Amino acid sequence: WGTVELVSWKSYHNSDSLSGLLYKPEGFDSTQSYPMIVYFYERNSHNLHRYYAHRPTASIVYPTEYVSNDYLIFIPDVVYEIGEPAQGAYDCIVSGTEALVKKHSYIDDQRIGLQGQSWGGYQTAQLITMTNRYKCAMAGAPVSNMFSAYGGIRWASGLNRAFQYEMGQSRIGQTILEAPDLYIKNSPLFHLPKVSTPLLIMHNDGDGAVPWYQGIELFNGLRRLQKPVWMLNYNDDAHNLKRRANKVDLSIRMKAFFDYYLQEKEAPEWMKTCRKALLKTEENYHPY
């Protein structure tokens with residue numbers, strides 16, 4: 001089942017003290033070298049005693065699954081300032097990653113991955129435009145272009161998405177007309193030439209929170225630049241997967257992706273062979 005401990009470090013921003021969680025495999029051996037996956041979403045250090053049951057994932061990395069397969073999982077807290085969500089994520093997440101690598105020789109600093117969903121998916125996509133620290137990354141339901149996202153609709157609620165950027169979680173704090181420079185600065189799409197990190201995207205056409213064209217913009221932008229990128233779309237499924245078969249499928253694919261880059265295992269067939277969206281039908285689709 002593994003173990004979990006509370007860790008602390010200093011942020012790049014004003015040396016603020018931050019906290020996070022570090023999960024280790026059962027039978028952990030400090031003389032060995034382990035790959036690590038960094039997962040994040042806002043703050044999670046208060047979940048020190050949260051129980052993660054073994055189950056197929058709807059969107060995120062479950063610590064119990066990965067520590068059972070000789071991974072370390074690091075979940076850092078993230079602190080933000082209005083107008084600078086990307087920089088806030090960088091200051092907290094990258095500083096935490098580097099602090100742990102410096103402190104613990106059992107973390108293989110060449111085998112560190114990154115994963116986030118929704119707000120965390122957006123920030124995963126943004127972080128790989130700001131640093132090459134991570135060997136691979138998985139972004140679930142990411143916003144890639146705050147201009148096109150700003151004018152969209154949250155299909156499940158019918159709300160105009162502008163509120164999220166002006167006064168909600170996206171934390172820009174101003175309208176798109178008042179501060180277009182901040183919308184550009186905090187949109188991964190405008191910084192894709194800087195990306196060298198292989199990226200796996202999941203964005204589903206039944207997503208009621210983040211319209212899946214955001215994932216398409218990110219995928220197409222990276223493909224245009226010939227960057228290593230894959231996109232999963234579970235037809236008619238939600239922001240966080242609802243159908244068990246799809247959860248099982250995502251669990252298999254996401255772990256295979258991380259295993260390939262972080263544990264040097266063979267790439268599955270779906271990573272080797274491109275498939276046109278129009279060919280993705282029940283009759284001729286063989287994922288494994």
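In the stretch 98-198, what is the volume of the convex hull around the alpha carbon atoms, normalised per residue and reported in Å³?
Measuring per residue, one finds 114 Å³ for the Cα hull of the stretch 98-198.
Counting every Cα pair in the chain, what percent are over 29 Å apart? Let's see the in-between values first.
Working: 12821 of 41328 pairs.
Here the tail beyond 29 Å accounts for 31 percent of pairs.
Using a 1.4 angstrom probe with every protein chain in place, what is the largest-first accessible-area order of ASP236, ASP70? Present the calculation step by step, with values, prior to reporting the outcome.
Numbers: ASP236 115, ASP70 90 Å².
Most to least solvent-accessible, the answer reads ASP236, ASP70.
Please compute the alpha carbon radius of gyration of the stretch 27-121, then divide it by the globular-protein estimate 2.2 N^0.38 Å. Two decimals is fine. Don't skip to the end; give the middle numbers.
On the way: Rg = 13.8 Å, N = 95, 2.2 N^0.38 = 12.4 Å.
Cα-based Rg divided by the globular estimate yields 1.11.
Determine the relative contact order of the stretch 71-204: mean sequence separation of Cα pairs under 8 Å and six or more apart, normalised by residue count, in whole percent.
On the way: 209 pairs, mean separation 35.5, N = 134.
Relative CO of the stretch 71-204 lands at 26 percent.
Suppose each label sits 7 Å from its Cα in the direction of the beta carbon; what would the HIS104-SER8 distance come out to in nanometres?
1.7
Residues of the stretch 232-261 with backbone nitrogen within less than 19 Å of a virtual label 7 Å along the Cα-to-Cβ line of ILE153, please, listed as ranges.
Counting backbone N atoms under 19 Å from the label point, the list is 236-239.
Equivalent ellipsoid semi-axes for the stretch 16-63, as square roots of 5 times the alpha carbon gyration tensor eigenvalues: give them largest first, rounded to whole Å.
20, 17, 11
How are the Cα pair distances of the stretch 160-288 distributed, in percent, across 5 Å bins from 0?
The calculated distribution, bin by bin, is 2, 8, 16, 18, 20, 16, 10, 6, 3, 1, 0.
Give the lysines whose C-alpha is closer than 26 Å to that of LYS272, dropping any in the same chain fewer than 8 places away, or say none.
LYS135, LYS194, LYS227, LYS247, LYS255, LYS280
Which of these, GLN126, GLN174, GLN117, has the largest mean-square fluctuation under a Gaussian network model of the chain (Cα springs below 10 Å)?
Residue with maximal mean-square fluctuation among GLN126, GLN174, GLN117: GLN174.
State, to one decimal in nm, how far the label point of GLU26 lies from the label point of ASN47, with both points 7 Å from Cα in the Cβ direction.
Result: 2.2 nm between the two label points.
How far apart, in nanometres, would the label points at LYS272 and ILE252 be if each is projected 7 angstrom from Cα along the Cα-to-Cβ direction?
1.6
Take every DSSP beta bridge with both residues inside the chain and express the antiparallel ones as a percent of the total, to the nearest 5.
Restricted to the chain, the bridges split so that about 40 percent are antiparallel.
If R0 is 41 Å, what FRET efficiency do you get for TRP1 and LYS242 from their C-beta distance, rounded to 0.05? Walk me through the numbers on the way to the answer.
Working: r = 27 Å, r/R0 = 0.66.
It comes out at approximately 0.95.
If r is the Cβ-Cβ distance from VAL79 to ILE184 and R0 is 30 Å, what FRET efficiency results, to the nearest 0.05?
Efficiency at R0 = 30 Å is approximately 0.85.
Give the calculated FRET efficiency between PHE163 and ARG224 to the nearest 0.05, with a Förster radius of 22 Å applied to their Cβ-Cβ distance.
With a Förster radius of 22 Å, E is 0.10.
Sorted by accessible area with a 1.4 angstrom probe, largest first, how do GLU178, GLU217, GLU269 fall? Provide the component values of the computation, followed by the final result.
Working: GLU178 120, GLU217 50, GLU269 95 Å².
These residues rank, largest area first, as GLU178, GLU269, GLU217.
Using a 1.4 angstrom probe on the protein heavy atoms only, could you order PHE190, PHE147, PHE40 from most to least accessible area? Let's see the in-between values first.
Working: PHE190 95, PHE147 70, PHE40 0 Å².
Ranking PHE190, PHE147, PHE40 by accessible area, largest first, yields PHE190, PHE147, PHE40.
The values are calculated or read from the model by the stated rules, or taken from the named source; none is laboratory data. It should be emphasised that the depicted structure is a prediction, and the values quoted were computed from it without experimental measurement. Ideal geometry is used to build each Cβ from the backbone, glycine not excepted, and the neighbour counts take in all protein chains shown. These accessible areas exclude ligands, DNA and RNA; they are computed on the full protein's heavy atoms, side chains included. Shrake-Rupley method; radii C 1.70, N 1.55, O 1.52, S 1.80 Å.
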